[in-house]
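Data first, discussion second: the structure below is written as structure tokens.
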Amino acid sequence: MGQWYKSGSPWIWLTSGAVSLSLIAVIGLLGLIAWRGLVYFWPSTIYQFDVTQPNGITEQVIGEIYERDSIPAQRLRDNGQVIAPDVEEVESILIKTGNREFVELDFRWILADTITKQQAHPDLVIFERNKNGNFYGYIDSVVVDGQLKTGDNATKLAALEQSLARVELLNEQADELQSGNINHINYQLEGLRLEQRRLELENKLTPAVLADIEQQRTELGNEYLVHEKRLFELRAETKRDKVQVRDMRGEIVELSLSSILAVHLPNQMGIFAKIGHWLSAMASFVVDDPREANTEGGVFPAIFGTIFMVLLMAVIVTPFGVVAAIYLHEYAKKGTVTKFIRIAVINLAGVPSVVYGVFGLGFFVYILGGSIDELFYPEASPSPVFGSPGVLWSALTLAILTLPVVIVSTEEGLSRIPISLRQGSLALGATQAETLWKVVIPMASPAIMTGLILAVARAAGEVAPLMLVGVVKMAPALPIDGNFPFIHVERKFMHLGFHIYDVGFQSPNVEAARPLVFASSFLLVTVIIGLNMTAIGIRNYLREKYRSLEH
């Protein structure tokens with residue numbers, strides 16, 4: 001036993017056990033997040049409940065079962081409810097009822113004992129809308145161009161789907177017109193306003209120049225009116241058709257098809273239809289814009305903003321980190337100053353991220369951005385251009401935050417390169433700069449990529465500094481569009497990490513937001529893994545490419 005202890009085997013087993021437990025914990029956590037997030041998109045069965053109220057009146061409730069819980073019977077007795085003496089726990093069911101404009105809450109708890117009847121009627125329909133959440137009920141009739149379409153449920157569904165396809169096409173045309181021609185004209189009009197203001201500040205606004213600007217403004221205004229008229233016509237066309245629905249109150253409600261995004265009958269779906277709907281719902285979550293205070297719709301702007309900011313950060317931090325590491329390792333003299341700099345770099349890695357956010361807000365946004373506005377954009381005053389939080393300042397802030405990681409990793413890679421390679425290159429007549437560029441840096445590139453991987457992994461999940469230097473709850477436009485200069489690094493952006501915080505802790509509808517927190521968290525982890533796997537693939541390629549030089 002003593003010999004086995006001295007051999008070090010216990011420590012090997014202890015280490016392997018700790019690593020295994022850590023892997024199990026990480027995989028279990030990811031599995032829990034994936035399950036709670038992905039199950040949200042599965043089409044749930046819609047039930048019709050007959051619920052007996054304390055006053056004896058029977059109420060009809062239509063909705064989806066979200067959660068089940070057990071409540072101590074004594075708690076209900078304390079609240080004045082009549083519960084049998086021999087009952088210790090009562091099952092409570094959380095039901096999503098939708099129809100937000102007609103009920104106080106679209107989520108409600110119902111005691112299982114008060115449910116006298118529960119059925120999943122095959123004709124129950126979910127109307128997914130662009131506002132006020134889902135609507136549940138039975139299709140009574142469809143109004144197409146003023147004509148009432150009735151008949152069996154299949155006939156009404158066919159008419160409804162045909163009308164919805166028409167509305168979807170009209171909405172696509174309207175959105176394309178608004179985001180294309182109208183947005184471009186607005187951008188040009190704003191450019192003319194700024195140009196006129198700049199010429200006024202420079203005392204170069206002559207009557208001829210002003211007349212030319214006014215002529216361009218008039219032409220753009222006339223063109224805008226044409227597109228605006230067409231936009232109003234398209235929006236009016238989307239409101240032509242309607243569907244009449246009988247809700248859980250037994251009343252007929254008329255819904256405009258312009259507010260309906262999709263219609264589902266989950267009670268009629270088979271397993272393959274449900275899988276198809278599940279995949280379609282996940283795809284929509286990835287590519288659609290958010291709605292209803294981020295509790296409905298998708299997260300595409302947040303995905304785009306996260307990836308764009310991380311890539312911009314990587315472009316900034318890599319050259320600065322590599323240059324700093326090369327100077328410290330190859331050029332700087334071994335002395336007190338160099339040692340102090342290395343200690344400072346290592347200590348920077350332990351500074352809380354929110355401190356970097358405060359620094360970025362104070363230096364990048366107010367000082368650097370304000371100076372840029374004063375020098376190059378005086379005509380925009382008092383509205384800031386670069387003097388307000390934006391994606392550029394967020395990328396720079398996170399670049400400083402992750403800079404120590406890149407420096408340390410690159411230095412370690414440089415220290416592993418044999419001195420004989422440097423000496424051989426110098427002996428053949430190459431200069432030190434040529435040796436660095438042609439021999440040392442290529443061989444250190446896997447270590448540089450390792451530092452970049454660590455930097456991306458940390459930056460993609462940071463939220464606290466971004467809240468100060470650029471991220472917002474809802475960004476009106478992406479940092480990239482069709483207007484010159486096409487990449488607008490001064491704009492604010494959405495981020496998946498902040499989206500999770502906003503939905504989880506700032507949402508007015510907690511029950512609706514809860515599954516989205518898990519779905520967004522799983523998506524953020526997937527994005528980080530995707531970025532890291534790309535960088536790891538590049539690193540492995542570089543490592544194999546320069547492996548022969550190490551020997």
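Applying the condition of being closer than 25 Å to Gly297 by Cα and hydroxyl-bearing (Ser, Thr, Tyr) to the range 126-147 and asking which residue is surrounded by the most Cβ atoms within 10 Å (Cβ to Cβ) yields Tyr136. Screening Met248 with (1) touching a strand residue (DSSP E or B) at 6+ places or on another chain (Cβ under 8 Å); (2) over 18 Å from Tyr40 (Cα atoms); (3) in a helix (DSSP H, G or I) gives one miss only, at (3). Could you say whether any residue in the range 157-180 is within 38 Å of the chain's Cα centre (by Cα), among the β-branched types (Val, Ile, Thr) and under 22 Å from Val243 (Cα atoms)? Looking for residues that are within 38 Å of the chain's Cα centre (by Cα), among the β-branched types (Val, Ile, Thr) and under 22 Å from Val243 (Cα atoms), one finds at least one in the range 157-180, hence yes. If the condition is being among the β-branched types (Val, Ile, Thr), closer than 23 Å to Gly530 by Cβ and crowded, with 21+ Cβ neighbours inside 10 Å, then the range 454-477 contributes Val456, Val471.
For (1) surrounded by fewer than 16 Cβ atoms within 10 Å (Cβ to Cβ); (2) closer than 29 Å to Gly250 by Cα; (3) over 39 Å from the mean Cα position of the chain (by Cα), each residue gets a yes or a no:
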residue: Leu32; (1), (2), (3): yes, no, no
residue: Tyr47; (1), (2), (3): no, yes, no
residue: Glu88; (1), (2), (3): yes, no, yes
residue: Ile93; (1), (2), (3): no, yes, no
residue: Phe102; (1), (2), (3): yes, yes, no
residue: Gln118; (1), (2), (3): yes, yes, no
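Looking across the range 104-114, just one residue is more than 28 Å from the chain's Cα centre (by Cα) and closer than 18 Å to Glu251 by Cα, and that is Glu104. Of the candidates Lys229, Lys239, the single residue that is surrounded by 12 or more Cβ atoms within 10 Å (Cβ to Cβ), within 21 Å of Glu172 (Cα to Cα) and free of Cβ contacts under 8 Å to residues at least 24 places away in the same chain is Lys239.
Taking the condition of being of a type in the set (Asp, Glu) and either within 11 Å of the chain's Cα centre (by Cα) or at pLDDT 90 or above (or both), how many residues in the range 287-309 meet it?
2
Could you list, in sequence order, all residues of the range 315-336 that are small (Gly, Ala, Ser), assigned to a helix (DSSP H, G or I) and either more than 17 Å from Ile417 (Cα to Cα) or under 28 Å from the mean Cα position of the chain (by Cα) (or both)? Gly321, Ala324, listed by residue number.
Conditions (1) over 30 Å from Leu523 (Cα atoms); (2) touching a residue at least 12 places away in the same chain (Cβ under 8 Å); (3) part of a strand (DSSP E or B), marked per residue:
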site	(1), (2), (3)
Thr15	yes, no, no
Ala18	no, no, no
Ala25	no, no, no
Ala34	no, yes, no
Asn55	yes, no, no
Val61	yes, yes, yes
Glu67	no, yes, yes
Arg75	yes, no, no
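Listed by first and then second residue, the pairs with beta-carbon distance under 7 Å, at least 6 apart or on different chains, first residue in the range 306-330 and on the phi < 0 side of the Ramachandran plot, second of a type in the set (Lys, Arg), are Leu328/Arg342. Which residue is farthest from Met248 (Cα to Cα), if the candidates are limited to the range 59-73 and must be of a type in the set (Asp, Glu) and surrounded by fewer than 16 Cβ atoms within 10 Å (Cβ to Cβ)? For the range 59-73, the residue satisfying everything is Asp69. Checked against the criterion of being within 20 Å of Arg543 (Cβ to Cβ), in contact with a helix residue (DSSP H, G or I) (Cβ under 9 Å, 6 or more places away or on another chain) and of a type outside the set (A, V, I, L, M, F, W, C), the candidates Glu434, Glu412 yield just one match: Glu412. Could you list, in sequence order, all residues of the range 139-160 that are closer than 21 Å to Glu237 by Cβ and of a type outside the set (Lys, Arg)? Within the range 139-160, Ser141, Val142, Val143, Val144, Asp145, Gly146, Gln147, Leu148, Ala158, Ala159, Leu160 qualify. Test Arg514 against the criterion of being surrounded by fewer than 21 Cβ atoms within 10 Å (Cβ to Cβ) and touching a helix residue (DSSP H, G or I) at 6+ places or on another chain (Cβ under 7 Å), and give yes or no. No; evaluated as a whole, the condition is false for this residue.
With respect to Phe522, determine if the residue is touching a helix residue (DSSP H, G or I) at 6+ places or on another chain (Cβ under 8 Å), aromatic (Phe, Trp, Tyr) and closer than 30 Å to Gly180 by Cβ. Taking the combined requirement at face value, the residue does not satisfy it.
Within the range 87-103, residues that are under 27 Å from Pro72 (Cβ atoms) and at pLDDT below 85 have Cβ atoms under 8 Å from residues that are aliphatic (A, V, I, L, M) and assigned to a loop (DSSP other than H, G, I, E, B) in these pairs: Val90/Ile83, counting only partners at least 6 apart in sequence or on another chain. Answer yes or no: is there a residue in the range 483-490 that is within 21 Å of the chain's Cα centre (by Cα), without any contact (Cβ under 8 Å) to a residue 40 or more places away in the chain, part of a helix (DSSP H, G or I) and surrounded by fewer than 21 Cβ atoms within 10 Å (Cβ to Cβ). Checked against the condition, which is being within 21 Å of the chain's Cα centre (by Cα), without any contact (Cβ under 8 Å) to a residue 40 or more places away in the chain, part of a helix (DSSP H, G or I) and surrounded by fewer than 21 Cβ atoms within 10 Å (Cβ to Cβ), the range 483-490 yields no hits at all. Going through (1) in a helix (DSSP H, G or I); (2) at pLDDT below 85 one by one, Gln188 falls short only on (2). Considering the range 447-465, and only residues there that are in a helix (DSSP H, G or I) and touching a Gly at 6+ places or on another chain (Cβ under 7 Å), the residue that is farthest from Val299 (Cα to Cα) turns out to be Ala447. Is it the case that the range 204-220 has a residue that's under 21 Å from Gln48 (Cβ atoms) and surrounded by 15 or more Cβ atoms within 10 Å (Cβ to Cβ)? No; the residues of the range 204-220 include none that is under 21 Å from Gln48 (Cβ atoms) and surrounded by 15 or more Cβ atoms within 10 Å (Cβ to Cβ).
Taken together, the residues in the range 251-276 that are in contact with a Leu (Cβ under 8 Å, 6 or more places away or on another chain), surrounded by fewer than 17 Cβ atoms within 10 Å (Cβ to Cβ) and in a helix (DSSP H, G or I) amount to 0. Annotation note: of Gly146, Gly151, Gly180, Gly133, the sole residue that is of a type outside the set (S, T, N, Q), modelled with pLDDT under 90 and not assigned by TED's automatic domain parsing to the domain that holds Tyr224 is Gly133.
The values are calculated or read from the model by the stated rules, or taken from the named source; none is laboratory data. The structure displayed is predicted, hence computed values, not measured ones. Positions of Cβ are generated from backbone atoms using ideal geometry, with glycine treated the same way; all protein chains shown enter the neighbour counts.
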